[in-house]
Structure formats: C-alpha cells, structure tokens
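The values are calculated or read from the model by the stated rules, or taken from the named source; none is laboratory data. Values in this document were obtained by computation on a predicted structure and should not be read as measured data. Quick reminder, even Gly has a Cβ in these numbers, built from the backbone with ideal geometry, and neighbours come from all protein chains shown. For accessibility, only protein heavy atoms count, side chains too; no ligands or nucleic acids. Shrake-Rupley method; radii C 1.70, N 1.55, O 1.52, S 1.80 Å.
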Amino acid sequence: MGFFDFAKKVGAKIFGASEAQAAPAEELKKEAAKHGLDTSGVNVEVIGDKVVLTGNAMSMEEAEKIILAMGNTMGVAQIESKLAVNDAVAASKMYTVVKGDTLWKIAETNYGNGKGGQFNVIFEANRPMLSHPDKIYPGQVLRIPPL
C-alpha cells in the first residue's frame, strides 16, 4: 500500500511509547483492537519511530483504519504498509489536519465547493477513531474516501 507519515508528537499515548519511539508491536495491536479492528492477520514490526505492517486485512477500509489507529499514536512518525487486502476498491486519500480545519472545510477542499455537507462521509470513514465530528486536532491523519 505504501508509506504514510504521521506527526509523532501528537496522538494517543499508549504504554511504551515516547516522542522518540513508537509503542511495542503488541500495544499497537491492542490500540487497533480497541477500535474494533481485526489485526489477527497483521504482523507489526516497530523500528524506532517507524512501524511496518505485513500480512492480510479483510478490506481496504479495514487496512486504512488499522494504519490510522496505529499511526495516530505518540511516537509513530511513519507506517510502511505491505498489507494485502481481499477487496479491490479504490484507496482513500489520507489528509493531515491543520490548525483551523473542520470536517466541513476538509470536505469542501477534497470534494469541491458546495460539498461541505459531505463531511459526514469523512466522519463515518474515520469511526470509531473519531467520536464526534468536532473532535479533530492538528497533526491527526484522516481517511478521505472517494464519494
């Protein structure tokens, strides 16, 4: 799937993580499981602030959510995904939130003028990592699925 960059000084603080080092592989898998994601077919290797994912995911959506659940944690600067998926749908665009962003503004930027009302598509694509449409923060990476 490729390389994904994250702001390693922001995100969920999980056991064993620091600004210089990602959490251990088992803790990252627990973080994904906390969001209801199945990582049973996923192998996680932590190399400093980089995480390498190999194995299989049930769908492109689940693979992307696993990447986000692990990447939006303290200490993770990059995820290299070599995950294979069972479906062949188009990949989502990844977007890094900047100061002043709202999901409405992000929808307008990514889907076009007059499409801010589609913010709920972005919100739903990032659940359960997002609990409310207004709770996003600078440095957080979000999935922007195609309409």
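Which of the peptides 70-78, 121-129 is most tightly packed, and how do the rest follow, going by the mean number of other Cβ atoms within 10 Å of each residue? The partial results should precede the final answer.
Working: 70-78: 22.9, 121-129: 17.6.
Order by mean packing, descending: 70-78, 121-129.
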- Task: For ILE136, list long-range residues whose amide hydrogen, built 1.01 Å from N in the peptide plane, is under 5 Å from its own amide hydrogen.
- Result: none
- Amide H contacts of SER59 (H built 1.01 Å from N, under 5 Å, at least 5 apart or other chain): ASN86
- Message: What's the ranking of 134-143, 60-69 by average number of surrounding C-beta atoms within 10 Å, highest first?
- Response: 60-69, 134-143
- Message: Could you tell me the relative contact order of the chain? Use alpha-carbon pairs under 8 Å, at least six residues apart, and round to a whole percent.
- Response: 27
- Message: List the lysines whose Cα sits under 23 Å from the Cα of LYS105, skipping any in the same chain fewer than 8 residues away.
- Response: LYS65, LYS93, LYS115, LYS135
- Message: I need two numbers for the stretch 8-58: Rg to one decimal and Dmax as a whole number, Cα atoms only, in Å.
- Response: 10.9, 31
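Taking all protein chains in place and a 1.4 Å probe, what share, in percent, of the accessible surface of the stretch 68-147 do carbon and sulfur account for?
Working: 2070 of 3880 Å².
After summing per-atom areas, the C and S share lands at 53 percent.
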- Task: Could you run the Karplus curve 6.51 cos²θ - 1.76 cosθ + 1.60 with θ = phi - 60° over the stretch 93-104 and give me ³J(HN,Hα) per residue in whole Hz, x for Gly and Pro?
- Result: 7, 9, 10, 9, 5, 10, 4, x, 6, 10, 4, 4
- With an 8 Å cut-off on Cα pairs and a minimum separation of 6 or more residues, tell me the relative contact order of the stretch 86-144 in percent. 48
- Grab the other residues whose beta carbon is less than 11 angstrom from that of LYS50, score K and R as +1, D and E as -1, and report the net. -3
- Item | 5 angstrom amide H check on ASP49, placed H, neighbours 5+ away | ALA22
- Treating every alpha carbon of the stretch 25-85 as one equal point scatterer without solvent, the Debye formula yields log10 I(q)/I(0) values at q = 0.22, 0.25 Å⁻¹ of -0.77, -1.02
- Enter the angle in degrees (range 0 to 90, nearest 10) between the Cα long axis of helix 60-71 and the first principal axis of the Cα atoms of the chain, meaning the one along which they spread out most. 70
- Message: Taking percent of Cα pairs over 26 Å apart straight from the coordinates, which label in (i) 21; (ii) 39; (iii) 16 is the correct one?
- Response: (i)
- Item | Charge dipole magnitude, Cβ of K and R +1, D and E -1 - the stretch 1-79, Cα centre, debye nearest 20 | 220
- Packing-wise, with mean Cβ within 10 Å as the measure, how do 6-13, 43-50 rank, highest first? 6-13, 43-50
